[in-house]
Amino acid sequence: QVQLVESGGGLVQAGGSLRLSCAASGSIFRIDAMGWYRQAPGKQRELVASITSRGSTNYADSVKGRFTISRDNAKNTVYLQMNSLKPEDTAVYYCNADVASPSWRVQNYWGQGTQVTVSS
């Protein structure tokens, strides 16, 4: 019913920048919170940043001051601007969203992930 498609991942040198995008499509009445998670090899998936429908944001301590999450409600899209990237940021980044269908049934969805690799 709902798909989240990430884009913008890739290979970048330490200190560089990337901008991730996640577009939701399908049977959507309303999207509530959206967020970005990441999972590095051997580590648990962790919340990187989240944003409410009203624009309130939250960040993991490890990315504060470097990453910025934003959203365009008209486009059902969330972004993650990543600056001053470090090798420790290397991970698969996943988009997540709470989506209400036209019937107001709310379900949580995940994107398939996009690889971000930061070289030193």
Once the dipole of the chain is set up from charges on Cβ (+1 Lys and Arg, -1 Asp and Glu), the residue from the list 62, 26, 9 lying farthest towards its positive end is 26
Volume per residue (Å³) of the convex hull spanned by the alpha carbons of the range 1-78 is 116 Å³
By accessible area (1.4 Å), largest first, 28, 51 order as 28, 51
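Would you tally the net charge around residue 90, using a Cβ to Cβ cut-off of less than 15 Å, leaving residue 90 out, and scoring K and R as +1, D and E as -1?
Once positives and negatives cancel, what remains is +2.
Percent of alpha carbon pairs in the range 46-110 separated by more than 18 Å?
Of all Cα-Cα distances in the range 46-110, 41 percent exceed 18 Å.
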Probe 1.4 Å, all chains present, heavy atoms only: residue 86 accessible area in Å², nearest 10, is 90 Å²
Ordered by number, the chymotrypsin sites (Phe, Trp or Tyr not before Pro) in the range 2-62 that occupy a DSSP loop and have at most 13 other Cβ atoms within 10 Å are 29
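Leaving out ligands and nucleic acids, and using a 1.4 Å probe, what accessible area per residue does the chain come to in Å²?
53 Å²
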Accessible-area order for 46, 88, largest to smallest, probe 1.4 angstrom, reads 88, 46
Sequence order, the range 34-50: Karplus ³J(HN,Hα) from phi using 6.51 cos²θ - 1.76 cosθ + 1.60, θ = phi - 60°, Hz rounded, Gly and Pro as x, gives 10, x, 10, 10, 9, 9, 9, x, x, 10, 6, 5, 10, 6, 8, 7, 9
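The values are calculated or read from the model by the stated rules, or taken from the named source; none is laboratory data. Quick caveat, the model's predicted, so the values are computed rather than measured. Reconstructed Cβ throughout: ideal geometry from the backbone, glycine too, with neighbour counts over all protein chains shown. Calculation scope for accessible area: heavy atoms of the full protein, side chains included, ligands and nucleic acids excluded. Shrake-Rupley method; radii C 1.70, N 1.55, O 1.52, S 1.80 Å.
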